[in-house]
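The values are calculated or read from the model by the stated rules, or taken from the named source; none is laboratory data. Owing to the predicted nature of the structure, the values given are computational and were not obtained by experimental measurement. Cβ atoms come from the backbone with ideal geometry, glycine included; neighbour counts cover every protein chain shown.
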Amino acid sequence: MHPNQNYNVSKEFLSGISDEKSFLKRNKIKGLRKIKFLQKFKRSMNMANAKLEETLAKKECYIGPFKGEFGHILGHTTPFLMYLHKQGVKIHFCGMKIHEPYFKDEEGNSILTEFHELRDFFGEVSPSSNSTKVPVDVQKEIDIFSGKAQKSGLPFWNLDDDYYYWFIHRKFVEKHNHIYDLSKFYATTRNENNCVIFPRAKGAKSSKNNGESWDYQELLERISPHFDRVFICGHPSQSLALKPTKNTELVVTADNQKILEACSNANLIITQHSGANYIGLYTNCEVLTIYKGGSKIEDIGSMQNTIRFRTSLKENHPLKFAFSEDEIITFIENRK
């Protein structure tokens with residue numbers, strides 16, 4: 001059985017993914033323009049395959065910069081870094097310092113040979129895929145890294161190339177990836193019945209991808225009696241301020257090590273449709289995606305892309321879904 005069938009969605013839904021085919025269809029590109037686009041796509045994919053051969057032969061490369069959304073670092077970049085590390089490749093990477101806790105193997109060793117760090121600028125600029133317009137000082141750091149990579153004579157996986165990143169890299173990583181189970185390093189206990197909740201505050205109050213806003217304080221009070229501990233997690237610039245209850249712990253922080261520790265010591269993550277769902281892959285934790293404003297998976301914007309990328313990363317726990325507070329509580333009760 002194809003892993004996508006775990007989600008009980010239609011083939012039509014899964015065909016609407018953000019790749020070269022959907023781009024051509026959405027923009028009604030036909031004739032000579034379509035031929036030229038597909039020729040460029042094929043040529044670029046062949047170049048990526050050749051670059052991988054060179055990378056595996058030289059056992060060293062440059063990758064970056066990554067300056068984008070959380071789901072993109074976990075869904076499209078870290079799996080490739082882990083794949084190359086598993087192949088014995090020395091990696092020179094440019095990315096955000098806050099993501100460093102993910103760049104480890106199952107013993108806690110860094111998978112990077114060199115880390116050209118970018119500071120956390122999420123409080124100043126809202127991230128967009130990997131096309132974020134970063135502050136001037138951050139761009140200077142990116143330029144230093146790119147110049148060094150280009151002069152190195154080593155393969156350079158340039159994530160700043162928008163065409164490459166969107167059409168080639170994300171698709172390329174579907175076949176060339178690996179996930180280390182970071183809970184083997186970050187977990188201190190799995191004997192407790194713990195839960196993590198991400199009270200999302202980023203973006204509009206209602207959107208096709210994320211749904212309508214939840215009353216997270218009420219939700220927290222309803223779910224907390226079902227667990228030993230509930231960790232309230234998220235980045236300060238993208239999370240609601242909640243009042244902890246007696247068995248909850250506030251882990252709203254830019255320190256992703258603390259987020260990973262919380263998720264590694266939990267058996268359920270509850271989150272709206274966001275990049276946080278990928279944390280479950282790195283911590284071997286089940287994820288419940290909550291969505292207000294619909295009643296089925298197909299109602300969630302871009303969920304076909306999330307399903308596509310998660311299944312390519314060989315998920316142990318396919319996403320689960322709830323569309324109301326009552327459905328969330330029913331799901332939790334049925335897990336016992």
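Summary of computed values
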quantity	calculated
Of all residues in the stretch 1-59 being among the aliphatic types (A, V, I, L, M) and within 19 Å of Asp299 (Cβ to Cβ), the one that is surrounded by the most Cβ atoms within 10 Å (Cβ to Cβ)	Leu14
Extreme residue, nearest to Ser183 (Cα to Cα), among residues of the stretch 78-126 that are of a type in the set (Val, Ile, Thr) and not in a loop (DSSP other than H, G, I, E, B)	Thr78
Residue within the stretch 165-182 that is surrounded by 17 or more Cβ atoms within 10 Å (Cβ to Cβ), among the hydrophobic types (A, V, I, L, M, F, W, C) and under 30 Å from Asn334 (Cα atoms) present	yes
Residues satisfying the stated conditions in the stretch 154-206, i.e. in contact with a Ser or Thr (Cβ under 6 Å, 6 or more places away or on another chain) and assigned to a helix (DSSP H, G or I)	Asp162, Ile168, Ser183, Tyr186
The stretch 252-269: number of residues that are within 13 Å of Ile232 (Cβ to Cβ) and modelled with pLDDT of 95 or more	6
Evaluation of Asp160 against (1) touching a residue at least 60 places away in the same chain (Cβ under 8 Å); (2) surrounded by fewer than 19 Cβ atoms within 10 Å (Cβ to Cβ); (3) in the same structural domain as Ala266 (by TED's automatic domain parsing) (one fails), failing number	(3)
Glu69 vs. criteria under 20 Å from Asn305 (Cα atoms) and in the same structural domain as Leu112 (by TED's automatic domain parsing)	yes
Of all residues making up the stretch 282-322, the number that are farther than 24 Å from Glu174 by Cβ and either aliphatic (A, V, I, L, M) or in contact with a helix residue (DSSP H, G or I) (Cβ under 8 Å, 6 or more places away or on another chain) (or both)	5
Criterion violated by Lys258 - all others in (1) closer than 20 Å to Phe103 by Cα; (2) in contact (Cβ under 8 Å) with a residue 40 or more places away in the chain satisfied	(2)
Options Ile279, Ile270, Ile290, Ile329; residue that is surrounded by fewer than 20 Cβ atoms within 10 Å (Cβ to Cβ), of a type in the set (A, V, I, L, M) and either out of contact with any His (no Cβ under 8 Å at 6 or more places or on another chain) or outside the structural domain of Pro101 (by TED's automatic domain parsing) (or both)	Ile329
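The rows are residues; the columns are (1) in contact (Cβ under 8 Å) with a residue 24 or more places away in the chain; (2) surrounded by fewer than 18 Cβ atoms within 10 Å (Cβ to Cβ); (3) under 23 Å from Ala254 (Cα atoms); (4) assigned by TED's automatic domain parsing to the domain that holds Pro236.
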residue: Lys86; (1), (2), (3), (4): yes, yes, no, no
residue: Ile91; (1), (2), (3), (4): yes, no, no, no
residue: Glu100; (1), (2), (3), (4): yes, yes, yes, no
residue: Asp105; (1), (2), (3), (4): yes, yes, yes, no
residue: Gly108; (1), (2), (3), (4): yes, yes, yes, no
residue: Ser129; (1), (2), (3), (4): yes, yes, yes, no
residue: Gly147; (1), (2), (3), (4): no, yes, no, no
